[in-house]
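Peer 1: Structure below; questions to follow.
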Amino acid sequence: MSKAFASQADLQEKKVSFTRLSDNAYAYTAEGDPNTGVVIGDDAVMVIDTQATPVMAQDVIRRIREVTDKPIKYVVMSHYHAVRVLGASAYGAQQVIASQDTYDLIVERGAQDMKSEIERFPRLFRSVETIPGLTWPTLTFTGKMTLWLGKLEVQLLQLGRGHTKGDTVVWLPQQKILFSGDLVEYGATPYAGDAYFQDWPTTLDKLSVLQPVALVPGRGDALTTPQLVRDGLAGTKSFISELYASVKAGAATGKNLNAIYKDTHAALKPKYGQWVIYDHCMPFDVTRALDEATQHPDPRIWTAERDKAMWESLEG
Ligand SMILES: [Zn+2]
């Protein structure tokens, strides 16, 4: 029997944790579902990635209100993916901040990405009808932006391409706490359908240089010790490097996408097959890796139709 498309068969609700990393930093995590970061400054709250719908964001707001009554002034988008950002309207923030590259990707492919993601993973879009449309940044930056939430310094850093062209991490230099978005995953398979495989490991090295003592990944539990942070960075880097090496080796021997997919899925499964969404991500990841290794330096746009055609050809 063929596998159900993407994560359409994944219906199991996850348990939410709201983990305190410092007086100023919290992680809203859910057993491998997309995470949200929270930074509480002297005078304002920043939310990093919003959850997929306004109704789902209400649960983040409920948790925030258990620890502070300061206004939620800032929403930061770590990147453009729908599942991260379409709940933004719930927060009523004064500013929605993203890199200029992320803004450009929303212009170029935001609408197609939204339709594609909702069909891939319906459970992650609870009350999808409450989404008012695409989330548009109100403030963009290139490279680096610093906000002072009172005495708390908050840096938004674009350290290189990886999960997407526009990846932004949030760094609290005084406390050495990092919110990585999907550049780092923990116990969850990195989605690389819109990735830059050759750049991603180098970008991770730049995160390592910061020597975070705690890290909130895109998916998976908050990493609360330097050793766990190193494990998260190393695991993501090895997955990306090994997948790309396997795909390049297959391409070099003239194999087609289908054969390369089956080889790579089997080769990585013993080490990574227990990570959540492995079977969901692999067809997208291998397709993108072969594109990058051959004739498409930039990720091609996924549409709902292209998603289904790809899945049918690899898993049908
Ligand atoms: Zn993403």
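Derivation of every value follows stated rules applied to the coordinates shown; laboratory data play no part. Note that the structure is a prediction, hence the values are computed from the model and not measured. Note that we place each Cβ from the backbone using ideal geometry, even for glycine, and neighbour counts take in every protein chain shown.
Peer 1: Please arrange 84, 63 by counting, for each residue, the other beta carbons lying within 10 Å of its beta carbon, fewest first. Write down the numbers at each step before the final one.
Peer 2: Working: 84 24, 63 15.
Starting with the residue having the fewest Cβ neighbours, the order is 63, 84.
Peer 1: So who's got an amide H within less than 5 Å of the one on residue 33, skipping anything under 5 residues away but keeping other chains? H placed 1.01 Å off N, in plane.
Peer 2: Sorted by chain and number, the residues that satisfy this are 220.
Peer 1: I'd like the distance between the alpha-carbon centres of the range 282-316 and the range 215-237, rounded to an integer number of Å.
Peer 2: Their Cα centres are 27 Å away from one another.
Peer 1: Same structure again: Over 10 Å intervals from 0, what percent of Cα-Cα pairs in the range 179-316 sits in each interval?
Peer 2: 12, 43, 33, 11, 1
Peer 1: Counting only DSSP beta bridges with both residues in the chain, tell me the antiparallel percent, nearest 5.
Peer 2: Bridges in the chain are about 65 percent antiparallel.
Peer 1: Calculate how steeply helix 226-252 sits against the longest principal axis of the alpha-carbon atoms of the chain, using the helix alpha-carbon long axis, and give the answer as 0 to 90 degrees to the nearest 10.
Peer 2: On a 0 to 90 degree scale, this one is about 30.
Peer 1: A follow-up question, please. With an 8 Å Cα cut-off and a minimum separation of 6 or more residues, compute the relative contact order for the range 77-141 in percent.
Peer 2: Across the range 77-141, relative contact order equals 52 percent.
Peer 1: Which lysines have a Cα lying under 29 Å from the Cα of residue 15, excluding residues fewer than 8 positions away in the same chain?
Peer 2: Counting by Cα, and skipping residues close in sequence, residue 15 has these lysines nearby: 3, 70, 73, 115, 176, 237, 269, 271.
Peer 1: Here's another thing I want to ask about it. GNM on the chain, C-alpha springs below 10 Å: top fluctuator among 87, 143, 187?
Peer 2: Between 87, 143, 187, it is 143 that shows the largest mean-square fluctuation.
Peer 1: Can you tell me what share of the DSSP beta bridges in the range 1-108 is antiparallel? A percent to the nearest 5 is fine.
Peer 2: 65
Peer 1: Using a/c under 1.5 as the rounded threshold, could you call the range 125-228 rounded, prolate or oblate? The axes a ≥ b ≥ c are square roots of the C-alpha gyration tensor eigenvalues, and prolate needs a/b larger than b/c, oblate otherwise.
Peer 2: The shape class here is rounded.
Peer 1: Residue 22 versus residue 9, label points 7 Å from Cα toward the beta carbon: distance in nm?
Peer 2: 4.4
Peer 1: Another question, then. Short version: what are the Cα gyration tensor semi-axes of the chain, square root of 5 times each eigenvalue, largest first, in whole Å? Intermediate results must be reported in sequence, preceding the final value.
Peer 2: Numbers: eigenvalues 191, 87, 64 Å².
They are 31, 21, 18 Å, listed from largest to smallest.
Peer 1: Take the Cα coordinates of the range 3-58, assign each an equal point scatterer, and use the Debye formula without solvent to give log10 I(q)/I(0) at q = 0.12, 0.26 Å⁻¹.
Peer 2: Summing over Cα pairs of the range 3-58 leads to -0.36, -1.12.
Peer 1: Shifting gears a bit: Using the alpha-carbon atoms, what tilt in degrees (0 to 90, nearest 10) does helix 100-120 show relative to the longest principal axis of the chain?
Peer 2: Between the helix axis and the principal axis of the chain, the angle is about 60 degrees.
Peer 1: Under 1.5 on a/c is rounded, so check that first for the range 33-123, then, if it is not, pick prolate when a/b is larger than b/c and oblate when it is not; a ≥ b ≥ c are the square roots of the alpha carbon gyration tensor eigenvalues. Walk me through the intermediate numbers first.
Peer 2: On the way: a/c = 2.70, a/b = 1.51, b/c = 1.79.
It comes out oblate by the Cα gyration axes.
Peer 1: Further, regarding this structure: Can you give me the three principal axis dimensions of the range 94-176 from its C-alpha atoms, in Å, biggest first?
Peer 2: 41, 25, 22
Peer 1: Hey, another quick one. Compute the relative contact order of the range 143-183 as a whole-number percentage, counting only Cα pairs closer than 8 Å that sit 6 or more residues apart in sequence.
Peer 2: Computed value for the range 143-183: 30 percent relative contact order.
Peer 1: Please state the relative contact order of the chain as a whole percent: Cα pairs under 8 Å, 6+ residues apart?
Peer 2: Contact order relative to length: 17 percent.
Peer 1: Under 1.5 on a/c is rounded, so check that first for the range 164-224, then, if it is not, pick prolate when a/b is larger than b/c and oblate when it is not; a ≥ b ≥ c are the square roots of the alpha carbon gyration tensor eigenvalues.
Peer 2: Verdict is oblate for the range 164-224.
Peer 1: For 96, 85, 16, 209, which order do you get if you count the other beta carbons within 10 Å of each Cβ and list the fewest first?
Peer 2: Least to most surrounded, the residues fall as 209, 16, 96, 85.
Peer 1: Extending each Cα 7 Å along its Cβ direction at residue 174 and residue 205, get the distance between those two points in nm, one decimal.
Peer 2: Rounded to a tenth, the inter-label distance reads 3.3 nm.
Peer 1: Taking the chain as the reference, fit the longest principal axis to its C-alpha atoms, fit the long axis of helix 304-315 to the helix C-alpha atoms, and give the angle between the two in degrees, 0 to 90, nearest 10.
Peer 2: The answer is roughly 50 degrees.
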